[in-house]
Amino acid sequence: MSDSRMALPSTVDERTMLRTFLDFQREALVRKCAGLTDGQLRARPVPSSTLSLLGLVRHLATVERWYFQAVLAGDRPGDLYDLTDDFDAPFNDIADATGAETFVQWRAEVAASRRIEDERSLDAVGRTPGTGSERSLRWVLIHMVDEYARHLGHADILREAIDGRSGE
């Protein structure tokens, strides 16, 4: 697999750079979950943690929805998985979740994020519901790279504990 981030010329424009790095992280999530059964995706193989790969995918779908649809677009798309008082529902309520349905939802959220991103300049500003904090598209894209990268580290540990596979 070639690393699309490293194929970029060092003088590429900022938007292309941000899109490429975020898309690489999104694609890495798919790669880290590839070839696993629903049971393996739901597994919590690290005894000291309740994290699962499926929970991470659900969480990242929620984060995509929040930052792009709620913050940048000002929509009220509703919750994906937080239908109880459990703030960590995307991670915890996975007993009946499947990889197929979870990735369909995640892909739909990514597609919505890309549409919203395409419609705005990097300097476009949205407001965080509830607090009114301003977030530029540039900030959101950088934050999303950070969010994925952090959770992909978790995914590496989970995947290695499930079947010994690690890294890219």
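Ranking SER10, SER136 by solvent-accessible area of protein heavy atoms (1.4 Å probe, all protein chains present), from largest to smallest, gives SER10, SER136.
Derived scalar couplings between HN and Hα for segment 125-140 equal 10, x, 10, 6, x, x, 9, x, 4, 7, 9, 7, 4, 4, 4, 4 Hz in order, rounded to whole Hz, by the Karplus curve 6.51 cos²θ - 1.76 cosθ + 1.60 (θ = phi - 60°), x for Gly and Pro. Per residue, segment 89-159 exposes 48 Å² of accessible surface when a 1.4 Å probe is rolled over the protein heavy atoms with every protein chain present. Return the carbon/sulfur percentage of the accessible area of the chain, one whole number, probe 1.4 Å, all protein chains in place. Here it works out to 52 percent.
For THR98 and TRP139, a Förster radius of 35 Å and the Cβ-Cβ distance give a FRET efficiency of 0.55, rounded to the nearest 0.05. Using only alpha carbons, the chain has a radius of gyration to Kirkwood radius ratio (Rg to Rh) of 0.97. Charged side chains reduced to their Cβ positions (Lys and Arg at +1, Asp and Glu at -1) give the chain a dipole of some 280 debye around its Cα centre.
The values are calculated or read from the model by the stated rules, or taken from the named source; none is laboratory data. Every value quoted in this text rests on a predicted model; they were computed, and no experiment measured them. Every residue, glycine as well, gets a Cβ built from its backbone with ideal geometry; the counts of neighbours run over all protein chains shown. When the accessible area is computed, the model is the full protein with side chains, heavy atoms only, and any ligands, DNA or RNA have been set aside. Shrake-Rupley method; radii C 1.70, N 1.55, O 1.52, S 1.80 Å.
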